[in-house]
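The next block holds one structure in the form of structure tokens; read it before the comments.
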Amino acid sequence: ASNMVLTFWGASSRGIILLMAADALLLTGIFALSGGASNPFTFLYLLPVVLTALIADSRATWAVLALAGAGYASLFAIPNPHAHHHGPAEMQAHLMGMWLAYGITGTLLTVGVTRVRAAATEAATTLSDAKHLQQRTERLAALATLAAGAAHELATPLSTIAVVANEL
């Protein structure tokens, strides 16, 4: 829901970093209520960390990583009565959940990184176009200066010829 709010309202870089920290805390709450550390969806702790790494500086990324890691570590303090009683069916369900978590995490990371890469490519193209325009402008300015110098150099002898022609 918070990501949808950002989509419609937009946010600053700082706001997005705070959102990633909030996501890590929300994940901790969700996991605490749904199996603790044995929840196969703990993969999702990687999302706010990677997204922060893509949009923020290293200090913010390390902070979100520490927060997500602390949240994950806190899940081990929650007693889970089913943690050591996995039968074959439960273990198969757990493994399937881990596979599903991988698919969700991989998909979300791919979408996020692909969008960031596309934005970076577009920014690089825009910068390249601006540099080419600047170089063209500089070349035109140099050509105009050269033309003005040539006109001045031609004007002096022509003026002399015009004065001599009038005298004759």
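The values are calculated or read from the model by the stated rules, or taken from the named source; none is laboratory data. Computed from a predicted model, the values in this text were never measured in an experiment. Every residue, glycine among them, receives a Cβ derived from its backbone with ideal geometry; neighbour counts consider all protein chains shown. What goes into the accessible areas is simple: the full protein's heavy atoms, side chains included, and nothing from ligands, DNA or RNA. Shrake-Rupley method; radii C 1.70, N 1.55, O 1.52, S 1.80 Å.
Annotations for the structure displayed:
- Exactly one residue among LEU140, LEU75, LEU146, LEU133 is surrounded by 13 or more Cβ atoms within 10 Å (Cβ to Cβ) and either at negative phi or without any contact (Cβ under 8 Å) to a residue 24 or more places away in the chain (or both), and that residue is LEU75.
- The lone criterion from (1) in contact with an Asp or Glu (Cβ under 9 Å, 6 or more places away or on another chain); (2) at pLDDT below 80; (3) open to solvent by less than 30 Å² (accessible area, probe 1.4 Å) left unmet by GLY15 is number (1).
- Lone unmet requirement of (1) within 15 Å of LEU108 (Cβ to Cβ); (2) of a type outside the set (A, V, I, L, M); (3) crowded, with 19+ Cβ neighbours inside 10 Å for PHE31: (1)
- Filtered residue count, region 75-93, keeping only those that are touching a helix residue (DSSP H, G or I) at 6+ places or on another chain (Cβ under 6 Å) and modelled with pLDDT under 70: 2
- Considering only residues in region 94-103 that are touching a Phe, Trp or Tyr at 6+ places or on another chain (Cβ under 9 Å) and at pLDDT below 75, the one that is surrounded by the most Cβ atoms within 10 Å (Cβ to Cβ) turns out to be MET98.
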